[in-house]
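Heads up, the thing below is written out as structure tokens.
The values are calculated or read from the model by the stated rules, or taken from the named source; none is laboratory data. These figures come from a predicted structure and were not determined experimentally. Cβ sites come from the backbone with ideal geometry, for glycine too, and all protein chains shown count toward neighbours. When the accessible area is computed, the model is the full protein with side chains, heavy atoms only, and any ligands, DNA or RNA have been set aside. Shrake-Rupley method; radii C 1.70, N 1.55, O 1.52, S 1.80 Å.
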Amino acid sequence: MRVPPKYTQMAAITLLGGATLLTLAVLVFIIAFVLEKGLPGVTWTFLSAEPQDMGRAGGIFPIIVGTLLLPLLALVIALPLGVGSAVYLCEYTRETRLTRVIRFGTDCLAGIPSIIFGLFGLVFFVGILHLGWSLLSGGLTLAIMILPTIIRTSEEALRAVPYAYREVSCSMGATRWETVRRVVLPNALPGIVTGVMLGLGRCISETAAVIFTAGTVAAMPTSAFDSVRTMAVHFYLLAREGISNEKAYGTAAVLILAVLLVNLAAYWMMHAFIRRRAR
Amino acid sequence: MHAPLPTTDAKITAHEFCLFFGKIQALRNITLDVRRNSILGIIGPSGSGKTSFLRAINRLNDLHPACHTEGLLQLDQTDIYHPQCDPVALRKRIGMVFALPIPLPLNIYENVVYGPRLGHHCPPRAELDMLVERSLRAAFLWDEVKDRLHTSGLRLSGGQQQRLCLARVLAMQAEVILLDEPCSGLDPISTAKIEEALTTLKAQHTIVLVTNNTKQAARVADETAFFLMGELVEHGPTQKLFTVPDDPRTNDYVTGRFG
Amino acid sequence: MSVCRLTSIAVLLAGMLMYGCGKRAESVTLAGSTAFAPFAEKLGSLYMAQTPGVRVAVQGGGSTVGIQAAQQGTAQIGMADLVKLPPEAEGLTAVVVARDGIAVILNPANPVANLTMDQIRGIFCGTLRNWKEVGGKDGAITLVSREAGSGTRASFEQIVGQVKLSAGALVQDSNGSIRETVASDPLAIGYLSHGLVNAKIKAVTVNDQPCTTEAVMADKYALVRPIYLLTKGSLQGAAQSFVAFILSEKGQAQIRQDGLIPAK
Amino acid sequence: MRISGDKIAKYVFLAIACSAIASLLLIALFILLEGLPFILRYGPWKFLSTSDWRPHEGAFGIAPMIISSLWITAGAMLIGAPLGVAGAVFLSEFVPKSVMCIIKPTIELLAGIPSVVYGFIGVMVLAPLIRTNLGGPGLSLLAAAVILGIMVLPTIISISVDAIGAVPNAFREGALALGATRWQAVRMVVLKAARSGIIASIILAMGRAVGETMAVIMVAGNTIRTPHSALEPVRTLTANIAIEMSAATGMHRQALFATGVVLFVVIMILNSLAMAAMRRKGGR
């Protein structure tokens, strides 16, 4: 006897709701765990001073700067490349065997462990190009690392824009580029922002690849050729080398708050953008 | 087949025009003239190729990968499918209204000025405002939306959205307007408004109206063409076609015996 | 138009980032052993305080990265904490700047206080599997070792001799994580640089010798390894004076204060 | 000239796409050039099937690591995928927009938390929990699977929510108009329409789970033995590379790159399986 739909609906909602609550509970527990252990250590001096005694004392200001600069440089390189390739694959070519191979290749590269990108960076950027352990080689390596993710999410976002919009724009005498610029891209922006957030998240949380390419110098970088240390690397070195758990959690707390701010800012910016366009 | 009408008066001329999607032939040697500043109604059962013919005029079929054509299709005596003819420039002169109203995901104002803003020279703001008002008035939509031009086009009702699409085409100042079953989902009042707009626009534009509503063709079209299985069965003044058609198949379709 | 604004901002940012390249104070780069890197950083900051205008950049990455960096010149000074330098280090001048004792550590709840070399070899080869066999409470031994190729592990296994690590051993890739694992598992045994021993773990005596700086200085405690600074050819300028600073009285005192054992 | 503007844009995008694909090819070539010669010289079957990994004595067998990697990824997806998709469906269909605007940024925040933090929490909280309640050393296959499952949740949820959100409302209204309950409409119409986005999110998440290194090293125990139960410590392919690469030279280093090649092949197989699943269901 088939269960009447009303009950399957209730069962489904409780099941899905339960799963969501469990997920949120676990995720909130992790944030609370880190903040509870880390927040007491977060004082103004901790945020503004230089680290001393191998990180046991002092603050993490140069490390915060490193954490902002590195992903920014990676995004400045990966965003145009990623979105550009997604636009080309979606708008300018038909679904051929080549585009399927490219999409398959990007999927596989999204799965490559970051340590391999780190080694590639070490051999290629640090070694062959003589950029040394620096912001530049770190940024380039991270850019290549998040490129597959940005291409894939941008492509999904572009493909989600209804085909009819392209047809209408085309019928009004818009060139392919004008259709992309005026209708497709602005409409796909939310999906692209999600891809950027995931890419940014991966850059900020990366340790292995950064240690091998951007180095671990905790001083303030004066140029693109100076080595930097990101908060994730700082947390890794403090926690794993057993230098100081308390400072490690402090760094993690600051990192979480920074990521939360960036996410909220991007989210409100996107909403404002959508509201302005189609009020 | 009667001799083609004097060429000077014809805005669009098709001569033995065929259209293929890969191996499937959608149109078989269509020879047809559309007179300047007149409304040509195209009727026929669904799948008879009337929409394909409409989309062939503004080369929208090019978006389909395996589409190629034979024969001649001219706009103002210049071959539309000639390699030198730039499809983008062509589409600027030919506006199209689709069966399902598709307002762009922008506000009403930006929907209407979308066409004129394309290309390098973007007209000044004042001129755009005037163009928007004139186009919306011509589409009988101005009074209903004049104080909420900045709300989203997707918020309007079906009939209003279709009139917005018409206004959008008018703002392009296109010489030819193609309509693909514009009133298929609309209420009688919106349909009447659109038909009234078309009759007044006849003076400045050449209009090709594809419709499966024979009464609408009878009401609005100056001349009517009857398509069946990708062929042009008969083309002549609406009055003659609906009373004493030459071809028995037209007679059966018009009187509703089959179709 | 919104997309153009985005790309113009991006180009502006890239330009701003590149403005600084080229302007580089005289810098000394060290790379290599993760164990010695924090100490090198401390010495670097002391040296920078003493001689302005010089930037000391310390990179980790492990002994092999240090050796390769010194060979290729990506770093002026390579750091390696190996008892025997691998063939790759040929042609590099090696200077011992410090020594580091390797402490064998247990969980504080473990009653065992002393282990002989043979017992340590038995445990790490997997022949001794239960704490009962070495005078502790009944319980299977959880073996925690460093990864293959780590300086600490190579030195530990060379000094103890004929150690074929049992397949069931947990492997951690840093001193800190070995300490955490041993601190949280009452049946665990591991080893790490003696500078990192703290209250959470207990260092046993080896052949009744305590793992202290004095015992090592007196060559009584066996598990000790040198820390080399490797340079290619003769050094000049800031790098040379930095190495001299480390070997100076002030440098060696700082090393002793940080928990390592001075070279002399 | 009007037309050339569009032509320029097309070639600019073509150049961008080529440079992006070229950089990705560069990485793939880098891995193959460093790893493939070793596999051919050492003998692929011996490399893949033996389970004795003693780099300093020239024994390079990674069978246990392949098995562990597959087990951990399967475990992580078993935890992450259902929870993730269920969460995504519930959040985008049954939760009001206002609540959604708070939950979505927090979820995307979790994609920003370093895997090292997840690993450290795993060591501090999860491992002792497993050790006391379930036995074994705590650092185990189960711990790694749970941590990875949690880490991939944000990826699955945020991309699936976008995919479900992209399904036009007309589909939902159509189903509801036919008398379907909200859940039937979701199950029969919305999920089918959003399937490609959801599967893309699962593929990306699987890629991240297979590729994760730091958290796995901290939590899995890294023993070189084929696990017989979920409570035994294991070493994955990625952990093997990351742990030993910083001190590996000569044959040992090439063997680690060869592990990278194997990993690349494993990821390719997993992706093609997922693609086939998508196409087979779509084919009917």
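Normalise the Debye intensity by I(0) for the range A:183-279, one equal point scatterer per Cα, no solvent, then take log10 at q = 0.20, 0.22 Å⁻¹ and round to two decimals. Debye intensities relative to I(0), on a log10 scale: -1.00, -1.10. Across all Cα pairs in chain C, the calculated P(r) in 5 Å bins from zero up to the longest distance comes to 1, 6, 12, 15, 16, 13, 10, 8, 6, 5, 3, 2, 2, 1, 0, 0 percent per bin.
Taking the inverse of the mean 1/r over every pair of distinct Cα atoms in the range A:169-222 gives a Kirkwood hydrodynamic radius of 14.6 Å. Annotation: the antiparallel percentage among DSSP beta bridges lying fully within the protein assembly as shown is about 60. Amide H to amide H, with H built 1.01 Å from N, D:A59 comes under 5 Å of D:R54, counting only residues 5 or more places away or on other chains.
At a probe of 1.4 Å, how much accessible area disappears from chains C and D on forming the pair, both sides counted, to the nearest 100 Å²? Don't skip to the answer; put the middle values down first.
Working: alone 12980 and 15340 Å², together 26410 Å².
For C against D, buried area totals roughly 1900 Å².
According to the calculation over all Cα-Cα pairs in the range A:6-133, the P(r) per 5 Å bin from zero is 2, 7, 7, 10, 11, 12, 14, 13, 10, 6, 4, 2, 1, 0 %.
If one puts a single equal scatterer on every Cα of chain B and applies the Debye formula without solvent, what log₁₀ I(q)/I(0) results at q = 0.09, 0.13, 0.15, 0.17 Å⁻¹? Taking Cα atoms of chain B as identical point scatterers yields -0.40, -0.84, -1.10, -1.35.
Could you work out the local net charge near C:L128, counting Lys and Arg as +1, Asp and Glu as -1, over the other residues with Cβ closer than 15 Å to its Cβ? Intermediate values should be presented prior to the final figure.
On the way: positive: C:R121, C:R129, C:K132, C:K137, C:K164; negative: C:D118, C:E133, C:D138.
Neighbour charge sum, excluding C:L128 itself: +2.
The rule of thumb for compact globular proteins, 2.2 N^0.38 Å, goes into the C-alpha radius of gyration of the range A:123-195 1.60 times. Taking both sides together, the accessible area buried where A meets C is about 3200 Å² for a 1.4 Å probe. Heavy-atom accessible area buried between chains A and D is around 7500 Å² (1.4 Å probe, both sides summed). The portion of the accessible surface of the range B:114-251 made up by carbon and sulfur, rounded to a whole percent, is 56 (1.4 Å probe; DNA, RNA and ligands excluded). In the range A:89-110, burial by the other protein chains removes 50 Å² or more of accessible area from A:Y92, A:F104, A:D107, A:C108, A:L109, compared with the chain on its own (1.4 Å probe, ligands and nucleic acids ignored).
Take each peptide in A:38-45, D:34-41, count the other Cβ atoms within 10 Å of every residue, and average; sorted highest first, the result is D:34-41, A:38-45.
Kirkwood hydrodynamic radius, computed over distinct alpha-carbon pairs, for the range A:111-260: how many Å, to one decimal? Please report the intermediate quantities before stating the final value.
Numbers: mean 1/r = 0.0571 Å⁻¹.
It works out to 17.5 Å.
Solvent-accessible surface of protein heavy atoms, probed at 1.4 angstrom with all chains present, puts D:V117, D:V12, C:V224, C:V95 in the order D:V12, C:V95, C:V224, D:V117, largest first.
Shown for the range A:159-174: residues covered by the partner protein chains by 10 Å² or more of accessible area relative to the chain by itself (probe radius 1.4 Å), namely A:A160, A:Y163, A:A164, A:Y165, A:E167, A:V168, A:S169, A:C170, A:S171, A:M172, A:G173, A:A174. Residues of the range B:51-75 whose accessible area, computed with a 1.4 Å probe over protein heavy atoms, drops by at least 40 Å² once all protein chains are present relative to their chain alone are B:L63.
Fraction of C-alpha pairs exceeding 54 angstrom in the protein assembly as shown: 31 percent, rounded to a whole number.
For C:V58, the residues whose modelled amide H falls within less than 5 Å of its own, excluding neighbours fewer than 5 places apart on the same chain, are C:L30.
Once every DSSP H run of n ≥ 4 in chain B is given -39500 (n - 2.57) and the sum is divided by its residues, what mean residue ellipticity at 222 nm do you get, rounded to the nearest 500 deg cm²/dmol? If you can, show how the numbers build up before the last one.
Details: 10 runs with 91 residues, N = 259.
That comes out to -10000 deg cm²/dmol.
Each Lys or Arg adds one and each Asp or Glu subtracts one; over the other residues with Cβ under 12 Å from the Cβ of B:D180, this totals 0.
Okay, helix-only estimate at 222 nm for chain A: each DSSP H run of n ≥ 4 adds -39500 (n - 2.57), divide by all residues, round to 500 deg cm²/dmol; what do you get? Present the calculation step by step, with values, prior to reporting the outcome.
Working: 12 runs with 196 residues, N = 279.
Computed mean residue ellipticity for chain A: -23500 deg cm²/dmol.
Result for chain A in a Gaussian network model with C-alpha springs under 10 Å: among A:L70, A:L79, A:L16, the largest mean-square fluctuation is at A:L16. Between 0 and 90 degrees, the angle of helix C:249-258 with respect to the longest Cα principal axis of chain C falls at about 60 degrees.
May I ask you to give the solvent-accessible area per residue for chain C, in square angstrom, as obtained with a 1.4 angstrom probe?
Details: 10480 Å² over 264 residues.
On a per-residue basis, chain C sits at 40 Å².
Sparsely packed loop sites in the range B:125-195 (the trypsin sites (Lys or Arg not before Pro) outside DSSP H, G, I, E and B with at most 15 other Cβ atoms within 10 Å) comprise B:K146, B:R148. For the range C:101-217, the carbon plus sulfur part of the accessible surface works out to 55%, probe radius 1.4 Å. Toward the positive end of the charge dipole of the protein assembly as shown, with +1 on the Cβ of Lys and Arg and -1 on the Cβ of Asp and Glu, the farthest Cα among A:A208, D:I241, D:I107 is that of D:I107. Note that the range D:1-149 shows a convex hull volume over its alpha carbon atoms of 232 Å³ per residue. Once the Cα atoms are used to define both axes, helix A:5-38 deviates from the longest principal axis of chain A by about 20 degrees.
In summary, the lysines within cross-link reach of B:K23, defined as a Cα separation below 22 angstrom excluding same-chain residues under 8 places away, comprise B:K50. The C-alpha atoms of chain A define a longest principal axis, and helix A:185-204 lies at about 30 degrees to it.
What share of Cα pairs, in percent, lie more than 22 angstrom apart in chain D? Spell out each step's value before the answer.
Values: 26477 of 40186 pairs.
Value for chain D: 66 percent of Cα pairs lie more than 22 Å apart.
Taken about its Cα centre, chain A carries a charge dipole of about 1100 debye when Lys and Arg each add +1 at the Cβ and Asp and Glu each add -1 at the Cβ.
Using only side-chain charges placed at the Cβ, +1 for Lys and Arg and -1 for Asp and Glu, the dipole size of the protein assembly as shown relative to its Cα centre rounds to 980 debye. Rolling a 1.4 angstrom probe over chain A with all protein chains present gives an accessible area of which 73% lies on carbon and sulfur atoms.
Rounded to the nearest 20 Debye, what is the dipole magnitude of chain B about its Cα centre when Lys and Arg each give +1 and Asp and Glu each give -1 at the C-beta? All intermediate terms of the calculation are to be shown ahead of the outcome.
Details: 27 positive and 28 negative charges, 96 e Å.
My answer is approximately 460 debye.
Its Kirkwood hydrodynamic radius, worked out from the mean inverse distance over all distinct Cα pairs, puts chain A at 21.2 Å.
Rolling a 1.4 Å probe over the protein heavy atoms gives the range D:47-283 an accessible area of 32 Å² per residue.
Taking the charge dipole of the protein assembly as shown about its Cα centre, with +1 at Lys and Arg Cβ atoms and -1 at Asp and Glu Cβ atoms, the residue from D:L70, A:L142, A:Y7 reaching farthest to the positive side is A:Y7.
Neighbours of B:H15 by Cβ distance under 14 Å: Lys/Arg scored +1, Asp/Glu scored -1, total -3.
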